[in-house]
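The values are calculated or read from the model by the stated rules, or taken from the named source; none is laboratory data. Owing to the predicted nature of the structure, the values given are computational and were not obtained by experimental measurement. All Cβ positions, glycine included, derive from the backbone under ideal geometry; neighbour counts span all protein chains shown.
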Amino acid sequence: MRRTAVLLAFGALLTACRSPASRTAPAPLPPCPAPAVDVVGWEVVDRGTFAFRLPPGFRQVPARGTDSYVERFEADGGHAAVSVNFGWYSDDLHRDPEFYARYERCSEVIGGRAATVISGVVRNPHSRRQDGRQVAAATWRNLYDAPDTSGTQGHLTIWGETRDPRRLPELLAMLRTVELRRR
């Protein structure tokens with residue numbers, strides 16, 4: 001009897017220790033329509049060719065791109081992040097079943113240009129830091145010359161991720177604040 005109790009306790013412990021995305025992942029907030037979030041007081045990040053508003057609590061952290069312009073902002077001790085990638089190889093946000101436990105996508109016009117917007121739950125059993133994070137991202141394809149690819153059309157992708165589902169509406173609202181400008 002005691003051995004059975006120990007085995008049951010061990011089984012419960014193993015179940016509890018599995019990564020969040022390996023269990024049934026909660027449905028993320030759909031990417032469209034945009035949630036009603038007041039963004040008026042948020043900090044404006046202006047990079048000339050594009051600008052957006054950043055939710056409260058985010059601070060810029062060092063980031064380096066290989067072949068594109070990259071920025072990263074973090075909040076909540078690194079448990080929430082926003083990444084900006086402007087360049088030729090910017091993520092197109094197509095569904096990768098190996099990467100997402102849950103995934104939803106839509107299209108809408110943001111900043112005067114067609115954008116693809118996604119929300120999802122990341123599946124990455126090799127990275128406990130990333131596994132189970134909720135994401136909200138948008139991409140704009142074939143904008144204008146990227147700063148590092150002289151003469152090619154650049155793509156812009158803004159990716160937000162969080163462990164706190166209360167942050168997801170903020171991240172989706174942030175994507176709707178993007179302004180695209182001609183140089």
Query raised in the report: Pairs under 6 Å by beta carbon, first residue free of Cβ contacts under 8 Å to residues at least 60 places away in the same chain in the stretch 64-90, partner of a type in the set (S, T, Y) and not in a loop (DSSP other than H, G, I, E, B), six or more apart or different chains?
Result: R72/S83
Query raised in the report: Just to be sure, is P31 in contact (Cβ under 8 Å) with a residue 60 or more places away in the chain, of a type outside the set (K, R) and crowded, with 19+ Cβ neighbours inside 10 Å?
Result: yes
Report summary line: Across (1) acidic (D, E); (2) at pLDDT 80 or above; (3) farther than 15 Å from T49 by Cα, E179 clears everything bar (3)
Query raised in the report: Quick one: would you say A25 is touching an Asp or Glu at 6+ places or on another chain (Cβ under 8 Å), among the aliphatic types (A, V, I, L, M), at pLDDT below 60 and closer than 18 Å to A136 by Cβ?
Result: no
Query - Any strands (runs of 3 or more DSSP E) falling wholly within the stretch 40-114 and containing at least 2 residues that are touching a helix residue (DSSP H, G or I) at 6+ places or on another chain (Cβ under 9 Å) - result: 50-54, 80-87, 100-110
Query raised in the report: Hey, L54 hits all of (1) surrounded by 13 or more Cβ atoms within 10 Å (Cβ to Cβ); (2) at pLDDT 90 or above; (3) more than 17 Å from Q134 (Cβ to Cβ); (4) touching a Gly at 6+ places or on another chain (Cβ under 9 Å) but one; which does it fall short on?
Result: (4)
Query raised in the report: List the pairs whose first member sits in the stretch 95-118 and is within 20 Å of F50 (Cα to Cα), whose second member is acidic (D, E) and part of a strand (DSSP E or B), and whose Cβ atoms are under 6 Å apart, counting only residues at least 6 apart or on separate chains?
Result: G111/E179
